[in-house]
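**Q** The structure follows.
Values quoted throughout were computed directly from the atomic coordinates according to the rules given, and no laboratory measurement underlies them. These numbers come from a predicted model, not from an experiment. Reconstructed Cβ throughout: ideal geometry from the backbone, glycine too, with neighbour counts over all protein chains shown.
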Ligand code: AMP
């Protein structure tokens, strides 16, 4: 499946200089969407996983059908102020400014094995912050799965020691 042909590149979004990889064009294609979910499910099947954790918002669209396929539970990693009960929180630096992510504190019990899912791996800062959140709750991070990896930003290096999987790689 030629996934690159399904992904729209939007130059200078959300700020000048960023080549935004828009997956709405992939998601609306039923065959491409199914292919991505099937491939990521297949990758997860070879690993022992208790939960999929999806990062708001595109990580929900990819992660929840994978959790359904694997017959495991789904955890929501949300932006600040969205989760109603007691949360664990982490703030981290973005290229421009700061971001905060939260997870419900009672999401995990010690030793639960979690796979993180998002649409795209860039610098790896977001995923690393989510790994820290899960580890703060005494969960075991198995790794992270993505549709897209921007290889030139070397996010994979930042996440070394974990199982990292992606379906489409860009080098510029
Ligand atoms: P990072 O923390 O640098 O790995 O950035 C990853 C997060 O930012 C993911 O949630 C992506 O959805 C989003 N993101 C970063 N760069 C891009 C890009 N060029 N196109 C689309 N989304 C991006």
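**Q** Taking just the alpha carbons, could you work out the radius of gyration and Dmax for the stretch 105-172, both in angstroms?
**A** When restricted to the Cα atoms of the stretch 105-172, Rg and Dmax are 12.3, 41 Å.
**Q** With a point put 7 Å past each Cα toward its Cβ, work out how far residue 86 is from residue 171 in nm, to one decimal.
**A** 5.0 nm
**Q** By how many nm would the segment from residue 29 to residue 153 grow when fully extended, if each residue of separation counts as 0.36 nm and the alpha-carbon distance is taken off? Present the calculation step by step, with values, prior to reporting the outcome.
**A** Values: separation 124, 0.36 × 124 = 44.64 nm, distance 2.78 nm.
Between residue 29 and residue 153, full extension yields an extra 41.9 nm.
**Q** Please report the equivalent ellipsoid semi-axes of the stretch 47-170, computed as sqrt(5 x eigenvalue) of the Cα gyration tensor, largest first, in whole Å. Intermediate values should be presented prior to the final figure.
**A** Working: eigenvalues 82, 62, 35 Å².
Over the Cα atoms of the stretch 47-170, the ellipsoid semi-axes are 20, 18, 13 Å.
**Q** Hey, another quick one. Assuming 0.36 nm per residue, please report the length gained on full extension of the stretch residue 113 to residue 160 beyond their Cα-Cα distance.
**A** The residue 113-residue 160 span can extend by a further 15.2 nm.
**Q** Let me ask something else about it. What is the Cα centroid distance between the stretch 96-155 and the stretch 32-80, reported in whole angstrom?
**A** Using only Cα atoms to place each centre, the spacing works out to 12 Å.
**Q** Based on C-alpha coordinates, I'd like the Rg and Dmax of the stretch 1-81, in Å.
**A** Rg, Dmax (Cα atoms, Å): 14.4, 42.
**Q** Okay, moving on. Using DSSP, restrict attention to beta bridges with both residues in the chain and report what percent are antiparallel, rounded to the nearest 5.
**A** Working: 13 of 36 bridges.
Restricted to the chain, the bridges split so that about 35 percent are antiparallel.
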